[in-house]
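Reviewing the structure listed below.
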Amino acid sequence: MTAPGQRYDFLSRWRIEDAALTDVADVLEDTAALPRWWPELFKAVTIVHAGGEHALGQVAACTCRARLPYTLRFTYTVVDQRYPNGSTLDSTGDLVGRGIWRLSARGSGVDAEYEWQVRLEKPWLRFFSPLLRPLLAWNHEWSMRKGEAGLRREVARRSA
């Protein structure tokens, strides 16, 4: 059973102006490019299994480090694909859980929503999680703000 302080439920909402739905979906499905456009979080990504159309079944090993001095290593598998409207990822390793991308076109841009429900498996983080919870949540929010800015830049770079 997971202690309440070890489970995290995050919901991030991003707005990407002057972007087509497929352009945003294409960037998000290009997992290998994450360290290029989101370097504040993704330090390394290795595609373990390429998967099928729109990365369904893809397995990626990720090494992440944001503002706080710890590294998380996890592997995620794309278990559902709703191109161009989003995808679902299952994660194992230091973070165990599920991430769900939901994308929708609105006006001249795209609304992106990421729901991340995970529990900590890194032993020392599990132990200290009840005390560090506000700091860990801040770290997540900081990295997501950097991700939104990076996604905007990457969409603009690819469409130029």
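Provide a single number: the residues in segment 43-86 that are over 20 Å from Arg102 (Cβ atoms) and of a type in the set (S, T, N, Q).
Number satisfying all stated conditions: 4.
Could we say that Phe10 is touching a residue at least 40 places away in the same chain (Cβ under 8 Å) and not polar (S, T, N, Q) here?
Details: touching a residue at least 40 places away in the same chain (Cβ under 8 Å): yes; not polar (S, T, N, Q): yes.
Taking the combined requirement at face value, the residue satisfies it.
Filter segment 34-71 down to the residues that are small (Gly, Ala, Ser) and either within 21 Å of Asp90 (Cβ to Cβ) or surrounded by fewer than 17 Cβ atoms within 10 Å (Cβ to Cβ) (or both) and list them by number. Before you say what the answer is, go through the steps one by one.
Just the residues of segment 34-71 that are small (Gly, Ala, Ser), to begin with: 44, 50-52, 55, 57, 60-61, 66.
Residues satisfying the conditions are Ala44, Ala50, Gly51, Gly52, Ala55, Gly57, Ala60, Ala61.
Please work out if Leu72 is touching a Gly at 6+ places or on another chain (Cβ under 7 Å) and at pLDDT 95 or above. Break it down into steps so the answer makes sense when it comes.
Working: touching a Gly at 6+ places or on another chain (Cβ under 7 Å): no; at pLDDT 95 or above: yes.
No; evaluated as a whole, the condition is false for this residue.
Answer yes or no: is there a residue in segment 17-27 that is surrounded by fewer than 15 Cβ atoms within 10 Å (Cβ to Cβ), over 14 Å from the mean Cα position of the chain (by Cα) and not acidic (Asp, Glu). Walk me through it before giving the result.
Taking segment 17-27 first, the residues surrounded by fewer than 15 Cβ atoms within 10 Å (Cβ to Cβ) are 17-18, 22.
Adding the requirement that they be over 14 Å from the mean Cα position of the chain (by Cα) leaves 17-18, 22.
Of the ones still in play, those that are also not acidic (Asp, Glu) are 22.
Among the residues of segment 17-27, at least one is surrounded by fewer than 15 Cβ atoms within 10 Å (Cβ to Cβ), over 14 Å from the mean Cα position of the chain (by Cα) and not acidic (Asp, Glu), which makes the answer yes.
Just checking, does segment 126-146 include any residue being more than 21 Å from Asp9 (Cβ to Cβ) and at pLDDT 95 or above?
Pass one, segment 126-146, residues more than 21 Å from Asp9 (Cβ to Cβ): none.
Looking through segment 126-146, none of the residues is more than 21 Å from Asp9 (Cβ to Cβ) and at pLDDT 95 or above.
How about segment 87-96: which of its residues are under 12 Å from the mean Cα position of the chain (by Cα) and either buried (at least 20 other Cβ atoms within 10 Å of the Cβ) or farther than 28 Å from Pro123 by Cα (or both)? Steps first, please.
Pass one, segment 87-96, residues under 12 Å from the mean Cα position of the chain (by Cα): 87-91, 95.
Passing the criteria: Ser87, Leu89, Ser91, Leu95.
Can you pull out every residue in segment 110-159 that is of a type in the set (S, T, N, Q), in a helix (DSSP H, G or I) and closer than 18 Å to Asp94 by Cβ? I'd like the intermediate steps shown before the answer.
Here is the first cut: in segment 110-159, the residues of a type in the set (S, T, N, Q) are 117, 129, 139, 143, 159.
Imposing the further condition that a residue be in a helix (DSSP H, G or I) reduces the set to 129, 139, 143, 159.
Matches in segment 110-159: Ser129, Asn139, Ser143.
For segment 98-119, how many residues are in contact (Cβ under 8 Å) with a residue 40 or more places away in the chain and in contact with a strand residue (DSSP E or B) (Cβ under 7 Å, 6 or more places away or on another chain)? It would help to see each step written out before you state the result.
To start, the set of residues in segment 98-119 that are in contact (Cβ under 8 Å) with a residue 40 or more places away in the chain comprises 101, 103-105, 108-119.
Now drop any that are not in contact with a strand residue (DSSP E or B) (Cβ under 7 Å, 6 or more places away or on another chain), which leaves 101, 103-104, 109-119.
Adding up the residues that qualify gives 14.
The values are calculated or read from the model by the stated rules, or taken from the named source; none is laboratory data. All values derive from a computational prediction rather than experimental measurement. Reconstructed Cβ throughout: ideal geometry from the backbone, glycine too, with neighbour counts over all protein chains shown.
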